[in-house]
Amino acid sequence: MPDKMKRFTSWNVKYNTQRIKDTIDAMRPDMQARYQAAMARMLVVDTKVKQVLNVNKVSTILYVPYLSFARQIWKLSREQDIAGDSLQLAAKVLRDKWAARDLKEEVLVEVQKAVFSVQEDET
């Protein structure tokens, strides 16, 4: 058998789609449960952020960037396990980033305090 045919046969056996499907099917219930739990937590965060934005009379057209700011803090605190002074510093960096994009810093501070209990960095 030529080398190309041998390589193709090896590849075909290695990438048996039924085996891959069986593996993913076995993982699917756990993947689905983790996704649903994450979406439920994100919904809680989004709702709290929207409440802060409503209190501060932020235009609805600006909800998306404020929600993006909140989701970035959420990702740092939950997925990357950043907390304490490190989270405070990361929140300051994110605030500067989003303030440079014309979001109000006082609203960003309120979001991080009310939703994530991250106090403003005093430095």
Please verify whether segment 28-45 includes one or more residues that are in a helix (DSSP H, G or I), closer than 17 Å to V118 by Cα and without any contact (Cβ under 8 Å) to a residue 24 or more places away in the chain.
yes
Modelled with pLDDT under 95 and over 15 Å from the mean Cα position of the chain (by Cα): is that true of M5 in this structure?
yes
Can you work out which of the residues in segment 79-98 that are charged (D, E, K, R) and within 16 Å of K113 (Cα to Cα) is modelled with the lowest pLDDT?
D85
Does D22 qualify as being farther than 30 Å from A70 by Cβ, modelled with pLDDT of 90 or more and among the charged types (D, E, K, R)?
yes
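The values are calculated or read from the model by the stated rules, or taken from the named source; none is laboratory data. Keep in mind the model is a prediction, meaning the values are calculated, not measured. FYI the Cβ positions are ideal-geometry reconstructions off the backbone, even for glycines, and counts take in every protein chain you see.
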